[in-house]
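A short write-up of the structure that comes next.
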Amino acid sequence: MLLALSWPPQAYLWFKTLHIVGVVVWFAGLFYLVRLFIYHREAAELDPPLREAFEAQYGLMERRLANIITTPGMVVAVVCAVGLLTVTPTWLHQSWMHAKLAFVAALLAYHAFCYRLMGQLQRRECQWNGRQLRALNELPTLLLVIVVMLVVFKDQFPTGAATWFMVALVVFMAASIQFYARWRRLRSERLAAEG
Ligand code: HEM
């Protein structure tokens, strides 16, 4: 309470502004990082000199994206979230916040897992293929939708038709990406077979 009273009047709004900026940067990084993993993984199918050049380039892009954009975005989002909770600690007693924290924990685990995959790709030890990585890239989309809904609706989280429409939209997007990748792969195989 004493802590809450000592903050300047606009502190909460500044924390919220920077929290949202941090979240946007964090997600931009997470989305692009796994897309780079897909290209990196598919470069393994190229002939040796080309493969080495592409792998080195994707490895460099991944490390820079992860360390200069994605992780700093995550740090800004989390530090400002702590600021928001410090200014208004009552949020911590509400159930939407407990749910939000659980999904954010899942997101942090995903972030750490991306680093693990990045290390495996650099060492050519990654067992995930392009299709699996594309599917993995849908997880942050789902977490994003759920967390944003929680923060907007709070304890009135909707469970009606509109929510199911959102779920269907995410599933549709994920399926479209898989189908498009499959169509592209089949087309290039056909073109290669035709000479
Ligand atoms: C580190 C854990 C996090 C905590 C403790 C946290 C906490 C908060 C708090 C207290 C607010 C202010 C709510 C209000 O004023 O109504 C807020 C706003 C917001 N948070 Fe988070 N947050 C966290 C992570 C995230 C993540 C990962 C996302 C995105 C996926 C996110 C998205 C947002 C958005 C969009 C707002 C603005 C909502 C609004 O003004 O209506 N937060 N957050």
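The values are calculated or read from the model by the stated rules, or taken from the named source; none is laboratory data. All values derive from a computational prediction rather than experimental measurement. Ideal geometry is used to build each Cβ from the backbone, glycine not excepted, and the neighbour counts take in all protein chains shown. These accessible areas exclude ligands, DNA and RNA; they are computed on the full protein's heavy atoms, side chains included. Shrake-Rupley method; radii C 1.70, N 1.55, O 1.52, S 1.80 Å.
Put simply, the chain fits an ellipsoid with semi-axes of 39, 21, 11 Å; these come from the alpha carbon gyration tensor as the roots of five times its eigenvalues, largest first.
Could you tell me which residue out of Y32, L139, H19 lies farthest along the dipole of the stretch 11-157 toward its positive end? Charges go on the beta carbon: Lys and Arg +1, Asp and Glu -1, centred on the Cα centre. Of the options given, the answer is H19. Between the Cα long axis of helix 161-194 and the first principal axis of the chain there is an angle of about 20°, rounded to the nearest 10.
The C-alpha atoms of the chain define a longest principal axis, and helix 11-42 lies at about 10 degrees to it. Each residue was assigned an accessible area with a 1.4 Å probe, and for H93 the value is about 150 Å². Each Cα pair under 8 Å and six or more residues apart adds its sequence gap; the mean of these over the residue count of the chain is a relative contact order of 28 percent.
Axis of helix 48-64 versus longest Cα principal axis of the chain: the two differ by about 10°, to the nearest ten degrees.
The stretch 54-70 and the stretch 164-186 have Cα centres separated by 26 Å. Protection proxy ranking of 24-37, 71-84, 164-177, by the mean of other Cβ atoms within 10 Å over each peptide's residues and highest first, is 24-37, 71-84, 164-177.
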